[in-house]
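Structure first, commentary second.
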Amino acid sequence: MAKINLSIVVLGVALLFLAETWAQKPMKRQTPSKGQCCDEVRSLKVQVANLTSLLEDLSHKQEADMKKLKRQILELDQQNRQQEARVTEAESKYSEINNRVEIMQLQTLESAPQTSSHAIYDCASLYGKNYKISGEYRLPKDEFLGTPEHTVFCDMETNGGGWTLIQRRKVGLISFERDWKQYKQGFGSIRGDFWLGNDHIFRLTRQPSTLRIELEDWEGRKRYAEYGVFKVDNELNSYKLFLANYSGNAGDSLRYHNNTNFSTMNKDNDKCVDDCASQRKGGYWYNCCTDSNLNGVYYRYGDHLKNTDGITWYGWHGRNYSLKKVEMKVRPVDFHS
Ligand SMILES: [Ca+2]
């Protein structure tokens with residue numbers, strides 16, 4: 001603005017100078033009369049005044065133009081900001097919608113097992129949904145079955161897969177000498193030694209189920225026992241065991257425990273004067289007392305032949321041999337791989 005004003009002033013001065021010069025020239029050429037001289041000067045002065053006012057007008061006009069231009073720039077700037085704000089708003093709305101879609105997808109996934117007939121409640125149903133790698137799986141809660149969300153270990157390989165592990169012994173660091181509540185809820189580590197929990201086993205075996213028991217001794221030999229019928233009753237009925245249809249090469253050492261209630265160190269439900277759970281240091285379907293004791297004490301190599309409260313399976317190694325490894329697993333009778 002200052003520059004423009006300055007140039008206008010310079011222009012004005014130049015015009016004045018030109019006008020003065022032009023006014024002086026004829027005076028040198030001619031010798032005008034006094035009246036003529038004064039008239040010319042007056043006319044020149046009028047012209048100069050006109051020019052000055054013209055310049056002022058121009059200057060005002062330019063100033064107005066500048067103001068207008070500035071206003072336009074400000075307006076454009078404002079519009080630009082508004083547009084930017086709109087873009088930001090749109091972006092945030094888009095991401096919000098995206099979020100909602102993701103949440104809805106999650107909810108669909110979570111609610112699907114509750115409404116669909118293809119519910120995920122064990123490893124067999126996971127296998128049916130194409131999860132065919134053995135390992136740890138998190139099962140969603142199932143309101144229909146009354147199961148809370150919980151973790152299971154699936155054997156997706158043995159004899160067609162689809163097995164949900166209910167017990168494992170292989171590490172030997174945690175005790176299986178536990179009370180009723182702990183056997184009810186389950187304990188241990190799903191990748192190591194654990195008992196899935198009698199409530200879980202009850203729910204799993206409400207559908208006709210097969211039990212598979214895999215055993216390994218300290219010489220690395222393996223045997224198995226399978227029961228085509230396996231059912232554990234609810235807590236009110238002391239998790240009573242029902243089984244039938246043995247097959248395998250380990251011997252039928254669970255048959256003796258058929259139709260017995262579950263016993264723990266603080267609940268003697270066995271068929272014996274003795275307190276089997278305390279004697280054999282585990283929780284099990286004790287009769288009087290055992291033909292197998294898969295939840296017994298874990299004895300390491302060297303100690304594995306010295307006791308009768310170890311992890312025993314009489315049908316294979318008798319009453320004194322504590323096994324190195326055990327896995328108990330169930331799957332529905334109608335499972336097809
Ligand atoms: Ca007893």
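Rule-based calculations on the coordinates, nothing more; no lab input. The model shown is predicted, which means the values in this text are computed figures rather than measured ones. Backbone-built Cβ (ideal geometry, glycine too); neighbour counts: all protein chains shown.
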Under the 7 Å Cα-to-Cβ spin-label approximation, L173 and V273 lie apart by a distance in nanometres of 4.3 nm
For the H60, E40 Cβ pair and Förster radius 41 Å, calculated FRET efficiency rounded to 0.05 is 0.85
For K61, the lysines lying under 21 Å Cα to Cα, once residues fewer than eight places off in the same chain are dropped, come out as K3, K70
Extend 7 Å from the Cα of S247 along its Cα-to-C-beta direction; within segment 299-324, residues with backbone N under 13 Å of that point are none
With R₀ set to 35 angstrom, the calculated FRET efficiency between the beta-carbons of S337 and D303, to the nearest 0.05, is 0.35
In this structure, among K170/K231; K141/K281; K45/K67, pairs with alpha-carbon gaps over 27 Å are K141/K281; K45/K67
Rounded to one decimal in Å, the inverse mean reciprocal Cα-Cα distance for segment 123-332, i.e. its Kirkwood radius, is 17.0 Å
Taking a crude spin-label model, label points 7 Å out from Cα along the C-beta direction, the R191 to L76 distance in nm is 6.4 nm
Partner aspartates and glutamates whose C-alpha sits under 17 Å from that of K68, ignoring same-chain residues fewer than 8 away, are D57, D77
